[in-house]
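Take a look at the structure set out below.
The values are calculated or read from the model by the stated rules, or taken from the named source; none is laboratory data. The structure displayed is predicted, hence computed values, not measured ones. Heads up, the Cβs are rebuilt from the backbone with ideal geometry, glycines too, and the neighbour counts pull from every protein chain shown. What goes into the accessible areas is simple: the full protein's heavy atoms, side chains included, and nothing from ligands, DNA or RNA. Shrake-Rupley method; radii C 1.70, N 1.55, O 1.52, S 1.80 Å.
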Amino acid sequence: MPSTSRLRRPMKSLLILAASLTLAGPAAAKGTGAVKVMSPWSRPAVAGSNGVGYMVLANPGRAADALTRVESPIASRVDMHSSTMAGGVMSMQQEDRVAVPAGGQTTFGPGAYHLMFMGLTRTLKPGDAIPATLTFSSGAKVKARFAVSAGMGPPAMSGMAH
């Protein structure tokens, strides 16, 4: 029969392992509460020109995050801009990052934050979609499809991508 000290060692190791996994769980799951991309949409645009992207970013997590990069296979690059009105003149400024507050939302819409799909490789018509990958400061990467609409808002039933 094995001694009790020999039985305690493996049991102690298992308890330490279980405690380590329990403590690591929230840190490892930090990226799983990724920001959600809701109602992504765009407007028609001609190949070679620039397109626009609008959406709502919702952060269900308890930590703030920030959009730091957007890529699309149908644009030479994607920039993030903010729009401001001063003295009756609208101006745009390129942004390196756009904050998404913990438990909150950030809206990309006309006259506010927006994406610029620069150097489109194809024409965008109503009913098309622009595929994109959004990268956040947390390291999360979220894929989205921006539905192209002829109107001034997302197409009906565009839902959300996340």
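Distance between the modelled labels on Gln105 and Arg62, one decimal in nanometres: 2.4 nm (7 Å Cα→Cβ projection). Stretched out straight at 0.36 nm per residue, the stretch from Thr123 to Arg77 would grow longer than its current Cα-Cα span by 15.0 nm. In this label model, Met85 and Lys141 are separated by 3.9 nm, measuring between points 7 Å along each Cα→Cβ vector. Per-residue surface analysis assigns Thr121 an accessible area of about 90 Å², computed on protein heavy atoms at 1.4 Å probe radius.
Multiplying the residue separation of Asn50 and Met92 by 0.36 nm and subtracting their alpha-carbon distance yields 13.7 nm.
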